[in-house]
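Report on the following structure.
Taken together, the values in this text are just the output of simple stated rules run on the coordinates, not laboratory data. Just so we're clear, the structure is a prediction, and the values are computed from it rather than from any experiment. Here the Cβ is made from the backbone with ideal geometry for all residues, glycine too, and neighbour counts use every protein chain on show.
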Amino acid sequence: MTHCDELSAYTIFGRSDWAGLRANTALTLSEADLSALRSLNEPITSAEVADVYLPLTRLLNLHFSAARNLMRVKAEFLGRPARRSPYIIALAGSVAVGKSTFARVLCALLARWADHPRVELVTSDGFLHSNRVLEERGLMRRKGFPESYDLPRMLRFLSASKSAELDLELPVYSHLIGDIVPSERQVVRQPDILVFEGLNVLHARSTEPVVVSDFFDFSIYLDADEADIQSWYVERFLRLQRTAFRDPASYFHHYRDLPPGDAREVADRLWREHHRANLRENIQPTRTRADVVLRKRSDHSIGEVWLRGT
């Protein structure tokens with residue numbers, strides 16, 4: 001598919017035009033709230049929240065309300081009580097593109113709408129196979145690629161979520177130790193909205209009769225030029241080397257004392273040999289499956305919004 005073919009499915013909004021769709025949606029996050037939600041190298045501002053996030057939350061609120069109405073209509077037709085299944089929003093994109101911060105801010109804003117106060121965030125990292133399993137299968141160098149995830153478990157979780165089952169437990173992945181933590185569990189208690197964030201959540205190839213995206217009601221792809229993502233990845237690696245890598249428990253503790261030039265070379269190599277391949281082979285090709293694509297500029301700010309089917 002050419003870039004022009006891809007764009008034909010979308011209406012493209014510049015930031016100012018998209019901001020005009022906010023209508024009277026109120027900004028409900030303070031600067032203190034944003035500071036608590038930001039990741040290490042994501043300089044998100046109140047202006048960005050007002051211009052980009054608020055129109056998006058308004059759109060999502062409208063979609064949520066329409067989906068709930070449709071559930072009620074179907075239940076009435078069938079003569080049974082309406083089931084309050086969560087509205088599931090997928091968030092996809094490359095490593096280092098800013099998904100974690102985006103997801104946290106989006107969840108905080110959505111939870112302030114009266115229609116859907118219970119919002120949960122789940123990341124696909126919790127469905128990675130443990131390092132022991134990856135090593136047994138020769139997949140340690142493919143962590144983050146589609147084959148490194150426990151797909152049947154992910155599908156069971158999403159199916160149970162859509163069935164409105166209570167108190168679902170799922171594994172927790174620690175970025176500090178770079179592995180699943182056997183003693184920890186995240187409990188998901190029947191939210192109104194579930195945001196499901198991860199690298200390959202829009203990936204369609206599967207040996208199962210269903211794919212992950214079958215359970216999504218809405219999907220978002222966070223996008224940027226590859227050169228910018230690489231730069232952000234290297235910048236993040238260098239910051240982590242001065243902070244988290246100092247912890248003896250860190251999976252990357254052995255990089256803590258590298259001179260700056262050597263650390264940059266390591267980060268560049270990790271990007272070229274691992275993350276770039278995953279982006280090109282598996283992540284970016286799923287962009288055309290998203291309902292909304294948010295294009296970031298080199299300063300991390302979102303400059304363009306693609307909206308499908310308008």
(request) Take Ser159 and decide whether it is out of contact with any strand residue (DSSP E or B) (no Cβ under 8 Å at 6 or more places or on another chain) and of a type in the set (Ser, Thr, Tyr). (result) yes
(request) Considering only the stretch 21-36, state which residues are closer than 17 Å to Arg112 by Cα and assigned to a helix (DSSP H, G or I). (result) Arg22, Glu31, Ala32, Asp33, Leu34, Ala36
(request) Among the numbered conditions (1) in contact with a Ser or Thr (Cβ under 8 Å, 6 or more places away or on another chain); (2) aromatic (Phe, Trp, Tyr); (3) under 18 Å from Ala164 (Cβ atoms), tell me where Trp113 comes up short. (result) (3)
(message) So for the stretch 163-170 (the condition being of a type outside the set (Ser, Thr, Tyr), under 30 Å from Ala249 (Cα atoms) and either surrounded by 14 or more Cβ atoms within 10 Å (Cβ to Cβ) or touching a residue at least 40 places away in the same chain (Cβ under 8 Å) (or both)), does at least one residue qualify?
(response) yes
(request) Six or more apart or on different chains, Cβ under 7 Å: which pairs go from a residue in the stretch 116-136 that's outside any helix (DSSP H, G or I) to one that's small (Gly, Ala, Ser)? Could you list them? (result) Pro117/Ala111; Val119/Ala111; Leu121/Ala103; Thr123/Gly198; Leu128/Ser148; His129/Ser148
(message) Which numbered condition in (1) free of Cβ contacts under 8 Å to residues at least 60 places away in the same chain; (2) on the phi < 0 side of the Ramachandran plot is the only one that Gly79 fails?
(response) (2)
(request) For residues that are among the hydroxyl-bearing types (Ser, Thr, Tyr) and not in a loop (DSSP other than H, G, I, E, B), scanning just the stretch 265-310, find the one that is surrounded by the fewest Cβ atoms within 10 Å (Cβ to Cβ). (result) Thr288
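Counting only residues that are of a type in the set (Asp, Glu) and outside any helix (DSSP H, G or I), which one in the stretch 210-263 is surrounded by the most Cβ atoms within 10 Å (Cβ to Cβ)?
Let us first name the residues in the stretch 210-263 that are of a type in the set (Asp, Glu), namely 214, 217, 223, 225-226, 228, 235, 247, 257, 262.
Applying the additional criterion that residues be outside any helix (DSSP H, G or I) yields 217, 223, 225, 247, 257.
Details: Asp217: 19, Asp223: 21, Asp225: 12, Asp247: 13, Asp257: 11.
Among residues in the stretch 210-263 that are of a type in the set (Asp, Glu) and outside any helix (DSSP H, G or I), the one surrounded by the most Cβ atoms within 10 Å (Cβ to Cβ) is Asp223.
So for the stretch 37-60 (the condition being of a type in the set (Ser, Thr, Tyr), over 17 Å from the mean Cα position of the chain (by Cα) and outside any helix (DSSP H, G or I)), does at least one residue qualify?
yes
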